[in-house]
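Below is one structure, written out as structure tokens; comments come after it.
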Ligand SMILES: C[S@@+](CC[C@H](N)C(=O)[O-])C[C@H]1O[C@@H](n2cnc3c(N)ncnc32)[C@H](O)[C@@H]1O
């Protein structure tokens with residue numbers, strides 16, 4: 001059964017996710033068409049030659065993508081499911097996939113309508129597991145290569161899809177549940193906590209007392225997460241920092257321009273959340289890494305209203321130019337806590 005690529009994204013970013021799907025498919029010579037209804041938080045890519053493209057569809061990892069939170073291989077969109085037996089047709093289609101599954105994931109897009117479907121999804125799990133067992137589909141097999149995703153897009157419509165273990169985002173709808181550590185003075189702290197989880201697998205492991213620089217630090221949400229990881233933070237911002245942060249004794253406040261400030265010696269981490277042009281911030285971050293001013297960096301790029309995909313590509317290009325010939329790792333992701341922005345992680349390799 002030749003699959004369609006199913007991507008979950010932030011509502012309002014379907015066009016960017018579609019551009020990314022088109023660009024990635026074109027880069028490997030795969031042609032197809034895209035469906036991306038505005039505000040649906042869902043994009044589908046339909047290859048023209050589905051059989052030939054199935055390996056590519058099943059091999060996509062959301063961790064490599066910017067605008068897709070989750071990527072699945074949809075075996076089909078079932079419509080007009082009978083309200084009295086939604087499970088039956090789903091189990092039938094899942095059985096046609098002829099493979100065991102690690103787990104069953106029931107989900108819906110991250111929209112008001114999608115969230116409203118959760119009251120339908122919860123009571124469906126038990127009858128669906130029963131219907132799957134009756135149809136001969138094994139679920140709960142630890143060694144299976146795929147998860148079975150049933151993605152409801154309406155009360156009577158769902159995609160029956162698979163997600164490859166090791167590639168698929170491990171969170172329902174691709175949304176990690178993160179908690180900022182301590183008592184952060186701003187909600188932005190969740191963004192850095194999520195970035196650490198998504199890019200590093202959790203809070204960074206550093207020697208106690210390692211140095212970090214936070215550019216555009218006020219009021220101190222990001223700095224609070226660096227402090228919680230055991231670092232001493234040089235917080236650069238003309239604005240005021242939360243007193244609770246200064247009271248930790250781990251924070252030095254420098255009222256300076258973040259584009260000019262450089263520490264006296266190399267630091268472990270530089271993070272940057274300045275509201276400035278993405279190209280400028282990307283260049284700054286790459287220069288810090290190139291010059292050995294920091295070992296690694298996480299920086300946020302505030303995207304303009306239009307040409308947001310192009311802006312991300314431009315930022316990538318700038319990093320590549322600045323680090324010309326130096327092996328580096330760059331990941332760019334629109335995190336769940338990102339709004340009109342994306343977050344990037346950069347380090348030399
Ligand atoms: C989005 S806020 C940062 C929030 C912070 N990350 C937190 O978690 O609380 C952006 C900050 O960047 C600062 N900023 C903007 N341009 C700057 C510059 N050139 N130098 C230093 N700080 C700058 C602003 O003063 C503002 O406090």
**Report entry** So residue 167, is it within 8 Å of the ligand (Cβ to nearest atom), closer than 20 Å to residue 331 by Cα and either modelled with pLDDT of 95 or more or not assigned by TED's automatic domain parsing to the domain that holds residue 291 (or both)
**Finding:** no
Query raised in the report: residue 301 fails exactly one of the following numbered conditions: (1) more than 28 Å from residue 228 (Cα to Cα); (2) under 21 Å from the mean Cα position of the chain (by Cα); (3) within 16 Å of the ligand (Cβ to nearest atom). What is the number of that condition?
Result: (1)
Report task. Give the stretch 308-349 a look and list any residue that's part of a helix (DSSP H, G or I) and surrounded by 18 or more Cβ atoms within 10 Å (Cβ to Cβ), or say none. Result -> 308, 309, 311, 312, 315, 318, 319, 322
Query raised in the report: Does the stretch 181-194 contain any residue that is touching a strand residue (DSSP E or B) at 6+ places or on another chain (Cβ under 7 Å), surrounded by fewer than 22 Cβ atoms within 10 Å (Cβ to Cβ) and modelled with pLDDT of 95 or more?
Result: no
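The values are calculated or read from the model by the stated rules, or taken from the named source; none is laboratory data. Just so it is clear, the structure is predicted and the values come from calculations on it, not from any experiment. Here Cβ is always computed from backbone atoms with ideal geometry, including for glycine, and neighbour counts include all displayed protein chains.
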